[in-house]
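Data first, discussion second: the structure below is written as structure tokens.
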Amino acid sequence: MAKANLIDNLNRALPAAARKALTAIVQDAQGEALAIYLVGGSVRDLLLNRPTLDVDLTLEGDAPALARRVAFGLEDVRCIIHSVFGTATLKGANFRLDLATARVETYERPGALPSVHPGSLQDDLFRRDFTVNAMALALTGDQRGAITDPFDGKSDLEAGLLRVLHEASFRDDATRILRAARYGSRLSFRLEPKTMRWLRRDVTYLEAISGPRIREELARLWREPQPERILLRLSELGALQAIHPTLSFDGSQAEAFGKLREIHATPSRTVYLALLAWKASQPEATALATRLALNKRETEAVRAVAEVRALERDLSAEVRPSRAVELLSPFPSAAVWALAAAGQESARVQASRYLRRWRYVKSSLDGHALLAMSAIPGPQLGQVLRRLKAAKLDGEVRSRRDEERLARELLHAGARTRT
Ligand code: CTP
């Protein structure tokens with residue numbers, strides 16, 4: 001692709017406000033005689049002609065200072081600075097631009113976060129994961145439009161290969177194993193043979209990666225259209241087991257992921273996590289939640305999976321809606337979605353009816369309406385309300401009048417038993 005075209009294509013892909021902010025950044029950098037580059041995944045995607053909305057910029061200079069100056073002159077743009085990392089984000093209503101000071105990273109020990117120092121563009125490209133992510137597109141000066149590609153990422157891009165930059169790459173940062181599987185699936189790229197060998201050799205370094213970092217990579221995985229393909233690959237590479245011994249993923253779970261998307265267009269990551277833990281016992285699920293640093297809501301969903309799974313045999317095709325509600329309502333909805341995707345046929349049907357309709361059903365009469373019918377406040381009132389809801393769920397009453405009739409009968413029967 002011709003040089004200028006890449007920058008044109010970048011500008012075309014961006015919303016107008018992002019384009020304006022990028023132009024202001026480039027002008028400011030030119031004015032200060034600073035070199036600024038588009039780097040990482042955005043260059044890869046631009047060369048692949050895939051729409052890119054993620055804009056990562058690297059500056060041989062003080063990125064937060066530049067971001068502050070530029071944001072000052074732009075309306076409706078927020079500037080978020082992370083001084084320790086030398087990075088800044090410009091955020092508009094429909095875009096974000098990330099700016100970083102070019103840096104060198106050194107790893108003191110496997111799994112640790114790197115120590116970071118300002119560096120040159122070359123240093124900044126050398127700290128990256130794969131050759132296809134280690135290219136830069138110059139946006140300023142005489143070099144504007146030229147690609148810096150020290151590891152021949154372009155050839156790997158053409159050959160569809162993921163290649164690490166050096167032998168210690170996975171040992172330095174084992175999250176790259178998860179990233180390799182994710183890019184491999186998304187771009188339909190293969191691992192270059194040496195990279196594959198090093199990955200298999202170093203897979204156990206995932207043990208040393210902290211829960212929050214694993215959780216962050218998993219969060220990226222859930223945003224892919226078919227995360228199950230990546231999880232199958234990771235399981236085959238032994239990466240899931242290295243993260244936690246109880247973590248596994250097989251063809252039946254992959255199928256459940258597909259079924260989930262048939263019944264839910266945009267599954268939440270909590271539901272995906274519940275499906276990932278579908279086979280775990282409750283103690284295993286608890287250990288997994290700790291390992292993955294899950295939040296409270298996710299932990300509750302993952303821990304509920306074993307109990308929800310045990311409901312499968314109770315949720316036969318004949319079970320009445322009111323009974324299904326009674327069985328399922330104590331559990332977080334994410335765990336019930338997992339059942340609707342991974343359970344036996346009849347349990348799946350009942351769980352998805354519960355999720356779509358039954359859980360929202362309410363009696364037309366509330367406590368006030370019953371009191372107006374001379375009910376006596378107390379536990380009986382609650383019982384009558386529950387009975388009314390069950391009757392509505394099971395189709396025994398079809399209108400408000402039916403419900404009023406039933407309510408009178410129930411209150412009357414209650415009054416008789418009291419006397
Ligand atoms: N990077 C890396 N090693 C990591 C994380 C990130 O080398 N563990 C580098 C890569 O060059 C990557 C860039 O930082 O391209 C930006 O990271 P991220 O936004 O996670 O990657 P993208 O390639 O932009 O991924 P995506 O397309 O999924 O947004």
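The values are calculated or read from the model by the stated rules, or taken from the named source; none is laboratory data. These figures come from a predicted structure and were not determined experimentally. Neighbour counts are summed over all protein chains in view; Cβ atoms, including those assigned to glycine, are modelled from backbone coordinates with ideal geometry. Note: areas computed on protein heavy atoms with side chains; ligands, DNA, RNA excluded. Shrake-Rupley method; radii C 1.70, N 1.55, O 1.52, S 1.80 Å.
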| query | Quick check: anything in the range 328-345 under 30 Å from H412 (Cα atoms) and surrounded by fewer than 17 Cβ atoms within 10 Å (Cβ to Cβ)? | reply | yes
| request: State all residues of the range 120-139 that are more than 13 Å from the ligand (Cβ to nearest atom) and open to solvent by 10 Å² or more (accessible area, probe 1.4 Å); if no residue qualifies, say none. | output: S120, Q122
| field | The one condition in (1) more than 13 Å from the ligand (Cβ to nearest atom); (2) open to solvent by 20 Å² or more (accessible area, probe 1.4 Å) that P64 fails to fulfil | value | (2)
| said: Restricting to the range 231-271, and then to whatever is within 19 Å of the chain's Cα centre (by Cα) and among the β-branched types (V, I, T), can you tell me which residue is nearest to R182 (Cα to Cα)? | reply: I243
| query | Looking at (1) closer than 23 Å to Y183 by Cα; (2) out of contact with any Asp or Glu (no Cβ under 6 Å at 6 or more places or on another chain); (3) modelled with pLDDT under 90, which is the one condition that is false for P114? | reply | (2)
| said: Tell me the residue from Y107, Y183 that is among the aromatic types (F, W, Y), under 27 Å from G238 (Cα atoms) and surrounded by fewer than 17 Cβ atoms within 10 Å (Cβ to Cβ), please. | reply: Y107
| Only one of V116, V39, V84 that is surrounded by fewer than 21 Cβ atoms within 10 Å (Cβ to Cβ) and within 15 Å of the ligand (Cβ to nearest atom) | V116
| Considering the range 347-372 alone, what residues qualify as being open to solvent by 70 Å² or more (accessible area, probe 1.4 Å), in a helix (DSSP H, G or I) and not aromatic (F, W, Y)? | R353, R356, R359, H368, L371, A372
| Filtered residues of the range 252-310 (kept if under 22 Å from S329 (Cα atoms), in a loop (DSSP other than H, G, I, E, B) and touching a residue at least 60 places away in the same chain (Cβ under 8 Å)) | H264, P267, S268, W278
| Across the range 327-345, what is the total count of residues that are farther than 15 Å from A280 by Cα, at pLDDT below 95 and not polar (S, T, N, Q)? | 1
| query | Applying the selection to the range 270-283, what residues are of a type outside the set (A, V, I, L, M, F, W, C) and either crowded, with 19+ Cβ neighbours inside 10 Å or over 23 Å from S210 (Cβ atoms) (or both)? | reply | T270, Y272, K279, S281, Q282
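Select, from R44, R78, R50, the only residue that is of a type in the set (K, R), in contact (Cβ under 8 Å) with a residue 12 or more places away in the chain and open to solvent by 30 Å² or more (accessible area, probe 1.4 Å). Don't jump to the end; show me each part of the working.
Values: R44 fails: open to solvent by 30 Å² or more (accessible area, probe 1.4 Å); R50 fails: in contact (Cβ under 8 Å) with a residue 12 or more places away in the chain.
Exactly one residue qualifies, and that residue is R78.
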| query | Out of curiosity, is I214 open to solvent by less than 10 Å² (accessible area, probe 1.4 Å), more than 10 Å from the ligand (Cβ to nearest atom) and not small (G, A, S)? | reply | yes
